[in-house]
Amino acid sequence: MYTTLISAAELRQLMDSGRPLSVLDCSFDLMNADAGQAQFEAEHIPGSLYVHLDRHLSDKTGADRASGGRHPLPSRETFARRLGDLGVSNDAQVVVLDRQGANYCGRLWWMLKWSGHEAVAVLDGGLPAWKAAGGAIAQGPASAPATTRFELRPPLAHTASTQDILDTLGRPGLTLIDARAPARFRGETEPLDPVAGHIPGALNRPFGLNVTPDGRFRPVDELRAEFHRLLAGRDPASVVHHCGSGVSAIPNLIAMELAGLGRARLYPGSWSEWSNTPGTPRAQG
């Protein structure tokens with residue numbers, strides 16, 4: 001079972017083994033919601049399917065969504081139905097990838113854990129790593145998958161709500177890590193949300209620090225040392241990761257797990273929910 005990262009060579013071996021496997025491509029562009037689909041149809045791993053951030057991994061209109069913010073989580077039940085429509089079975093090893101340094105496929109990695117599915121891993125380096133390793137490439141739309149029924153199991157990843165954070169803000173049992181760019185964190189600019197700044201007391205670690213220029217996660221010892229410096233004695237179990245809308249926080253969460261610091265919680269609504277909630281404190285600088 002692969003549960004964090006999988007290399008291109010390991011994926012090729014897995015594909016040859018005949019084991020149940022789902023390969024899901026989550027490439028995306030926040031500024032152009034159609035770009036990921038176009039990238040997929042231009043070139044993708046044979047047999048893989050495209051997963052759209054807005055259509056599959058969010059629920060902007062449903063009454064039973066599980067969080068707020070710009071990319072609200074669908075309910076676990078809704079997500080399970082979508083997984084079934086994608087042909088994901090409970091006995092499958094799932095491999096997720098993108099072309100953006102795990103910024104978008106990390107969301108699917110986390111949501112599968114949240115749905116009780118541990119056998120999911122990020123293709124380290126994404127499609128570029130697959131191509132560099134000599135992996136085959138297909139073009140055009142994916143074939144329709146054979147649908148199945150995905151059964152929810154107890155969550156293996158957990159969330160913190162706005163109220164959870166308000167109830168523990170400023171106490172030793174809560175450490176917030178914000179994955180946004182430093183200028184957004186400091187409140188010097190805010191291109192997406194109505195209020196600039198950050199949650200008081202949050203630490204800043206931009207998500208891009210976790211990967212090398214070729215999109216692979218950095219060595220475990222480097223990640224561990226950097227998180228220890230950032231936490232400065234704080235308990236890793238107290239960490240809640242967030243960002244703008246609960247998407248780009250996931251590379252930080254994966255990196256902490258790779259570093260042996262456990263699976264931290266996620267605030268899925270993140271700054272987009274916090275900044276739109278009346279009465280929440282905000283900080284700048």
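FYI, it's all coordinate maths here, none of it is from the lab. In this text the structure is predicted, and so the values were computed from the model without any measurement. Here the Cβ is made from the backbone with ideal geometry for all residues, glycine too, and neighbour counts use every protein chain on show.
Quick notes on this one:
- Over the chain - Rg/Rh using Cα atoms and the Kirkwood inverse-distance radius: 0.95
- Cβ-Cβ distance of Leu169 and Ala132, R₀ of 51 Å, FRET efficiency by 1/(1 + (r/R0)^6): the value works out to about 0.70.
- For the chain, built as a Gaussian network whose Cα springs stay under 10 Å, the top-fluctuating residue of Leu11, Leu57, Leu24: Leu11
- For the stretch 162-274, the average shadow cast by the Cα convex hull is 6.8 nm², which is a quarter of the hull's surface.
- Estimated FRET transfer efficiency when R0 is 35 angstrom, pair Arg149-Asp16 (beta carbons, to 0.05): 0.80
- Think of the chain as having a plus end and a minus end, set by charges on the Cβ of Lys, Arg, Asp and Glu; of Leu230, Trp114, Val95, Leu230 sits farthest toward the positive end of this dipole.
- Computed over the chain with a Gaussian network model linking Cα atoms closer than 10 Å, the most mobile of Asp124, Asp59, Asp193 is Asp193.
- The chain - share of DSSP beta bridges that are antiparallel (%, nearest 5): 10
- Remark on the stretch 78-126: Rg and Dmax equal 10.5, 30 Å (Cα only).
- Among Gln100, Gln37, Gln13: highest mean-square fluctuation, GNM of the chain, C-alpha pairs under 10 Å: Gln13
- Spherically averaged projected area of the stretch 70-173 from its Cα convex hull (nm²): 9.2
- With the biggest extent put first, the Cα atoms of the stretch 5-132 measure 42, 33, 21 Å across the principal axes.
- Additional length obtainable on full extension of the chain from Arg55 to Asn204, 0.36 nm per residue less Cα span: 50.7 nm
- Angle in degrees between helix 220-231 and the longest Cα principal axis of the chain, rounded to the nearest 10: 20
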